[in-house]
Protein chains: 2
Amino acid sequence: MTKAALRTFDEAGLLDTAARLFRQKGFAATTLREIAQAAGVLPGSIHYRYPAKEALLVALMDRAIERAIAAVQTAADQTSDPTERVRLGLRAHLQLLLSGDDGVYVLLYDWRSLAGRAREEIVRLRDRYEAFWDGMLYEAAGAGRLRPGVDLKLVRLFGFGAVNWVATWYSPGGDRTPEQIADVFWSYMALGLLSDDQRHDAAPTNLSVPEPPSPSPKEGR
Amino acid sequence: MTKAALRTFDEAGLLDTAARLFRQKGFAATTLREIAQAAGVLPGSIHYRYPAKEALLVALMDRAIERAIAAVQTAADQTSDPTERVRLGLRAHLQLLLSGDDGVYVLLYDWRSLAGRAREEIVRLRDRYEAFWDGMLYEAAGAGRLRPGVDLKLVRLFGFGAVNWVATWYSPGGDRTPEQIADVFWSYMALGLLSDDQRHDAAPTNLSVPEPPSPSPKEGR
DNA sequence: CAATCTGTTGGTCGCATGACCAAGGCAGCA
DNA sequence: TGCTGCCTTGGTCATGCGACCAACAGATTG
């Protein structure tokens, strides 16, 4: 322990505690006093660092998204194969989400609690993460690994949905590890569910079913 | 206007309003007074019907899940082909979720706000819905349409995740209708993303058992 | 008409909340 | 040793909450 460690307020511990409570009860239903008590500090001490409850949430989410980007980046960088990079990234994302890091969960499910500027800030961070994923998918597609016509943005959106939802039903005592879950999802998504003798007539060959890529005048989101 | 219409309290309208607000701001952050004002009734009138705020949420969710089951059932029953039933059911689920029926959204994302008995009740209802889906998937698998070894429960979980997550990013002005989104997801999931010349060596043939292939020497964290 | 039943009205109540702050202590530096 | 600035302490404050209810209105029924 350095001298600094003695002087330094356990900010990480506070955020961890807050994340845990926010996850359990939701942001609005969690009181500052609860957080303070659980973290072993006084409410005033929290106020000293975070002028408002919302600031705590933002700090929490900020940290979580940095962690997520770093984890996925590191995992993906272990290979140069574009398809493998996606699979490893997926694994890392799920591992982090299920590792007990409540911050990521809160980031995913509690952003509705934010409004105004704080919301925009988080959305901006989230967009960065999404753009990062889009990049990986784009490279996999560019390497000719994916069917032509696949809408990468939709793939990312579907993938995020399926994977993020896991946090909703996963239990550590279950019969599958996070890594296994990630790999199973990856294999289903990559190969499809239909058996080989069914696949030719089950769906249109062109997977980009609706004509999408024309930028519409009506902007989305 | 029948006599009954005059006498009958607009319970549906109340629940709709409550659902809209819960979706926008979350359950805990929405006050009874807000709901009352938005619905054009007095707070006391709500209390007359629902002894506690939580009861409102439960009633809302109850109604939503009944709607969902009915919608999916109806859609699926339009064909007897097991695979088609799944596709049509998926469509119906997404249509309902994106139709502006905030109740379904609230059901999916706000169940954390419930505790104790109320929570159990909703979980029980949800389980019924899930069992219903499992039945459809089981029949599709039984008809030999799916690859052997596919874990149906995981398929359902992944599918729910991807589809439910759509509510998070969908905007009515976008360039895809709910039906198109459902169909695209279905085609990706059914056929897979990999191009035909890649699929043989990209993943294990047996989709059921993950067992980390350990291509990565460094196991991340 | 009288009795009843359904639903509304306009409050009140106690309480927990988020925000805030003056005063004090204590480590590190001069 | 005395000073300085960071951080904590133990509160206060106004606000708005969910829950609750006695009284009442109007339609329905006998």
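The values are calculated or read from the model by the stated rules, or taken from the named source; none is laboratory data. These figures come from a predicted structure and were not determined experimentally. Please note: Cβ atoms are built from the backbone with ideal geometry, for glycine as well, and neighbour counts cover all protein chains shown. Surface accessibility is based on the protein's heavy atoms, side chains included, excluding ligands, DNA and RNA. Shrake-Rupley method; radii C 1.70, N 1.55, O 1.52, S 1.80 Å.
Just a few scattered comments:
- Summed over both chains, the contact between A and B buries some 6400 Å² of accessible surface at a probe radius of 1.4 Å.
- For residue A:37, the label point sits 7 Å beyond Cα toward Cβ; its separations from the matching points on the remaining copies run 3.1 nm, from shortest to longest.
- Remark: mean inter-chain Cβ contacts per residue of A:147-157 equal 4, using a 10 Å Cβ-Cβ cutoff to other protein chain atoms.
- Shown is the FRET efficiency for residue B:12 and residue A:80, computed with R0 = 45 Å from the Cβ-Cβ distance and rounded to the nearest 0.05: 0.20.
- For the range B:8-33, a reduction of at least 10 Å² in accessible area between the chain on its own and the assembled protein chains (probe 1.4 Å) is found at B:23, B:24, B:25, B:28, B:29.
- 1.4 Å probe accessible area per residue over the range A:58-192, in Å²: 36
- Test item: B:39-49 mean partner chain Cβ contacts at 10 Å: 0
- Residues of the range A:83-104 buried by at least 30 Å² of accessible area upon assembly of all protein chains, compared with the chain on its own (1.4 Å probe): A:87, A:91, A:95.
- Nm distances between copies for residue A:127, ranked from closest, using label points 7 Å along Cα→Cβ: 4.4
- Rolling a 1.4 Å probe over the protein heavy atoms of the range B:53-191, with every protein chain left in place, gives an accessible area that is 52 percent carbon and sulfur.
- Protection proxy ranking, peptides B:72-84, B:23-35, B:157-169, average beta carbon neighbours within 10 Å, highest first: B:157-169, B:23-35, B:72-84
- A point 7 Å from Cα along Cα→Cβ stands in for residue B:13, and the other copies hold the same point at 5.5 nm, listed in rising order.
- For residue B:146, residues with placed amide H under 5 Å, excluding near neighbours: A:195
- The Cα center of the range A:130-177 and the Cα center of the range A:16-83 differ in position by 24 Å.
- Taking 30 Å as the limit for the C-alpha separation, the pairs A:53/A:153; A:25/B:153; A:153/B:153; A:53/B:53 exceed it in the case of A:53/A:153.
- Residue B:139/residue B:169 FRET efficiency (R0 35 Å; Cβ-Cβ; nearest 0.05): 0.70
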